[in-house]
Amino acid sequence: PPATTLSLQTSPPNIGDSSIDILQHIYHLEKCYQEDNCPFPDTDPKAIYFTVGNTLADDLSLLIQQQQNSDQVMPEATETAQRLMAFENDHVRAKALSFLALQPPSADTLSAIMQGIKDSHDRGVYRQAMMEFSKYPQHTERNNIARFLISQLQHGGKFVGQIISQKSLPLINQDNHTQWTETLQQLPSSSLRYQFLHANLEEYQLLQSGG
């Protein structure tokens, strides 16, 4: 990409800067982080990680504000947010999700979210993701989401599993009901994961019967 007027040595972007400048700043942050040559103090091994993560999150916040004030879709910023879902920092993932929530649902966004949160243990990120997943009503998408979440419920962290179980009702359908039920039987009956999923499966059956 062409050189931005906002280099990493100058002040970070602000809301008055163009989206192009903000995106260029993000690009240079990603590049310097990958190449391990960011011009930030590295007082300890995690210092650069946190500094870059916080700066990326701030840049995404600016893009969110710009999108909220615009009726136009921002495709370049959407691609950037999709890419940043893979950044191994849940603060960045949360901001990327907040931006993607302002965009029309797409197959690329759905894929980016699932890949991005796969290794996350952040309950807030999963709450956001579950809200986004409900925007994909097509059977193929819904069943792909269900397979992903069931795998996370079985093999992921306990607290993430609680969020998945608690927010699962909108994602249960006739095609995947059996898979959710089989998953329930594999969970400890005294766990919150079991209790949340059991309640949602009962609610689904009630809704199906017109209750």
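I need the helices (runs of 4 or more DSSP H) fully contained in region 81-179, keeping only those with at least 3 residues that are closer than 23 Å to Gln24 by Cβ.
Per the criteria, 90-100, 107-117.
Taking only pairs six or more apart or across chains, which ones have beta-carbon atoms under 7 Å, a first residue in region 125-150 that is under 11 Å from Asp175 (Cβ atoms) and of a type outside the set (Ser, Thr, Tyr), and a second residue that is at pLDDT below 95 and open to solvent by 50 Å² or more (accessible area, probe 1.4 Å)?
Hits for this filter: His139/Asp175; Asn143/Asp175.
Can Ser106 be described as hydroxyl-bearing (Ser, Thr, Tyr) and either at positive phi or more than 11 Å from the chain's Cα centre (by Cα) (or both)? Before the answer, list the steps.
Values: hydroxyl-bearing (Ser, Thr, Tyr): yes; either at positive phi or more than 11 Å from the chain's Cα centre (by Cα) (or both): yes.
Considered against the rule, which asks whether it is hydroxyl-bearing (Ser, Thr, Tyr) and either at positive phi or more than 11 Å from the chain's Cα centre (by Cα) (or both), Ser106 comes out as yes.
Restricting region 24-44 to residues that are part of a loop (DSSP other than H, G, I, E, B) and under 21 Å from Arg93 (Cβ atoms), which is modelled with the highest pLDDT?
So, considering only residues that are part of a loop (DSSP other than H, G, I, E, B) and under 21 Å from Arg93 (Cβ atoms), the one modelled with the highest pLDDT is Cys38.
Check region 161-176 and report whether any residue there is within 17 Å of Gln195 (Cβ to Cβ), in contact with a Ser or Thr (Cβ under 8 Å, 6 or more places away or on another chain) and among the hydrophobic types (A, V, I, L, M, F, W, C).
No, because not a single residue in region 161-176 is within 17 Å of Gln195 (Cβ to Cβ), in contact with a Ser or Thr (Cβ under 8 Å, 6 or more places away or on another chain) and among the hydrophobic types (A, V, I, L, M, F, W, C).
Any chance you could count how many residues in region 26-52 are farther than 22 Å from Glu79 by Cα and either open to solvent by 50 Å² or more (accessible area, probe 1.4 Å) or not hydroxyl-bearing (Ser, Thr, Tyr) (or both)?
Adding up the residues that qualify gives 14.
In this structure, is Thr183 in a helix (DSSP H, G or I) and surrounded by 14 or more Cβ atoms within 10 Å (Cβ to Cβ)?
It is true that Thr183 is in a helix (DSSP H, G or I) and surrounded by 14 or more Cβ atoms within 10 Å (Cβ to Cβ).
The values are calculated or read from the model by the stated rules, or taken from the named source; none is laboratory data. Owing to the predicted nature of the structure, the values given are computational and were not obtained by experimental measurement. With ideal geometry, Cβ positions are generated from the backbone for all residues, glycine too; neighbour counts draw on all protein chains shown. All accessible areas refer to the heavy atoms of the entire protein, side chains included, with ligands and DNA or RNA removed. Shrake-Rupley method; radii C 1.70, N 1.55, O 1.52, S 1.80 Å.
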